[in-house]
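The block underneath contains the structure these notes are about, expressed in structure tokens.
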Amino acid sequence: MNPMEDKPAGSPIDRKPGGEFNHTAAGPDLGLGSAQTAGAAGSRRSFPNQGESIAAILDVIRRGERFLVCSHSRPDGDAVGSMLATGMLLQQMGKRADLVTADRIPNIYRELPGAEGIRCAMRVHGPYDAVIMLECDSLDRTRLRGLEAFFVVNIDHHSTGREFANLNWIDREGASVGELVYRLAKAAGATVTPEMATCLYTTVLTDTGGFCYGNTQASTFELARELTLAGADPLRIAQEVYFSTASSKLLLLGAALSNLKRDGRLAWLWITHQDMVRSCAAEEDCEGIVNYAICIAGVEAAAFLRELPERTIRLSLRSKGRVDVAAIAARLGGGGHENAAGVTLEGPLHRALDEILVELRPQVAEMAVEPGDGRS
Ligand SMILES: [Mn+2]
């Protein structure tokens, strides 16, 4: 999942001392020491500003020895890049880090430094002093089992982020969760190596849709500049991400485009499980297909529906900014950013399509259709 909004000033490292965190009462003031053994169901803490959040997270890291770093299932560029960079940061701090995902890493991110060290597993086994969870709104989002036993640090930038963990740092202005990891690394006094910069640049590039989405702001370019100076190669990274497409993905895209429909400000397209089988497509080949619907002139919101083998429907939503698709996804049980969100719905496909169109149609009903927009 990806983007968002807003307008902070200054460098991404030191911006924003005030914040949008809500205090979550932890009961009678449990210090970090006791919280660290409380388990994910124990105390929950968050701080009113970024500096305190970062200090608390670094404190957890400094007190521990061994950490688990994980992110959401079906990892995207931000998930993979920020996990790798967090692993590198922990290593620099003299800690051991296990990087684990429930799903395999998409091919286009396999060349990232250290990617071969990410393990794919369904269950995690300790002992860990803490779990650092990147851009998840719950333990379930990881699809990893066995996390309940641990102290969990939640670092997120989604507008639908939740303070579910023992320690929560949610900055909805971050262009990627990798941007938050960068600030953490700077605050820790870590060296941003070319390898770390490459991973972090990838998080920014992919989560802003190539600096196209609404979460792109002046500080995003400042961050990209700092990462480039630290050794990230924008050309090479763009080639890995955007010019390394598997042919199966293009076959799948063809199937999806043959199902493209447009109605005024809305566009949608879908693929069946059969389309997946016929194209020899992998899960990751679905990534980005929704963008072919939102890129249509005059379209304000778009949906991509994918039939999963077990007949549930994975829905990706995109908006050009006038429709808050995160709110719609959240109403249906999913989440994301205002411009990009997702949710899993009950099948069959036509039922899920009806369900999302019922949500989307009122959102665009008030918008005047300009001359020339009606062509499909
Ligand atoms: Mn992200």
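All of the numbers you see were taken from the coordinates with simple rules; none came from a lab. In this text, all values refer to a predicted model and were calculated from it rather than measured experimentally. Every residue, glycine as well, gets a Cβ built from its backbone with ideal geometry; the counts of neighbours run over all protein chains shown.
Projecting label points 7 angstrom from Cα along Cα→Cβ for residue 55 and residue 191 puts them 2.8 nm apart. Taking region 252-286 and a reference point 7 angstrom along Cα→Cβ of residue 312, the backbone N atoms nearer than 20 Å belong to 270-277, 282-286.
Computed from the C-beta positions of residue 103 and residue 63, the FRET efficiency with R₀ = 45 Å rounds to 0.90. Put simply, the Cα atoms of region 247-365 extend 37, 29, 22 Å along their principal axes, the longest span coming first. Return the single residue from 166, 259, 49 with maximal mean-square fluctuation; model: Gaussian network over the chain, springs between Cα atoms under 10 Å. With Cα springs under 10 Å in the chain, the top fluctuation among 166, 259, 49 is at 259.
Kindly express, to the nearest 10 degrees and within the range 0 to 90, the angle between helix 194-207's C-alpha long axis and the longest C-alpha principal axis of the chain. With both axes taken from Cα atoms, the answer is about 40 degrees. For residue 69, the amide hydrogen comes within under 5 Å of the amide hydrogens of 98, 99, 100, 132, counting only partners 5 or more places away or on other chains and with H modelled in the peptide plane. With the alpha-carbon atoms of the chain aligned to their principal axes, the span from lowest to highest coordinate is 60, 42, 41 Å, starting with the largest.
Peptide packing: for 243-249, 168-174, the average count of neighbouring Cβ atoms within 10 Å per residue gives the ranking 168-174, 243-249, highest mean first. Mean residue ellipticity, 222 nm, helices only, the chain: the sum of -39500 (n - 2.57) across DSSP H runs of n ≥ 4, divided by residue count and rounded to 500, is -10000 deg cm²/dmol. Go ahead and run the numbers for FRET between residue 350 and residue 233, Cβ-Cβ distance against an R0 of 51 Å, rounding to 0.05. The value I calculate is 0.65.
Sorting 207, 137, 263 by the number of Cβ atoms found within 10 Å of their own Cβ, with the fewest placed first, yields 263, 137, 207. Taking other C-beta atoms within 10 angstrom as a stand-in for reagent exposure, 295, 136 fall in the order 295, 136, fewest first. Modelled spin-label separation between residue 245 and residue 149, with each label point placed 7 Å from Cα along the Cα-to-Cβ direction: 4.5 nm.
Each part gets one Cα centre, and for region 182-209 versus region 297-350 those centres are 29 Å apart. Against the chain, whose longest principal axis comes from its Cα atoms, helix 77-92 is set at around 10 degrees. With angles folded into 0 to 90 degrees, how steeply does helix 247-257 sit against the dominant principal axis of the chain? Use alpha carbons for both and round to 10. Roughly 50 degrees, rounded to the nearest 10.
How big is Rg to Rh over region 56-112, alpha-carbon atoms, Rh as the Kirkwood inverse-mean-distance radius?
Working: Rg = 12.0 Å, Rh = 11.9 Å.
Reported Rg/Rh, Kirkwood definition of Rh: 1.01.
So if I place +1 on the C-beta of Lys and Arg and -1 on the C-beta of Asp and Glu, and nothing else carries charge, what would the dipole magnitude of the chain be about its Cα centre? I want it in debye, nearest 20. Walk me through the intermediate numbers first.
Numbers: 39 positive and 48 negative charges, 88 e Å.
The dipole of the chain has a size of about 420 debye.
Find how much the distance from residue 322 to residue 263 grows on full extension, using 0.36 nm per residue of separation minus their present alpha carbon separation; answer in nm with one decimal. Please list the in-between numbers first.
Values: separation 59, 0.36 × 59 = 21.24 nm, distance 1.65 nm.
Difference between extended and current length: 19.6 nm.
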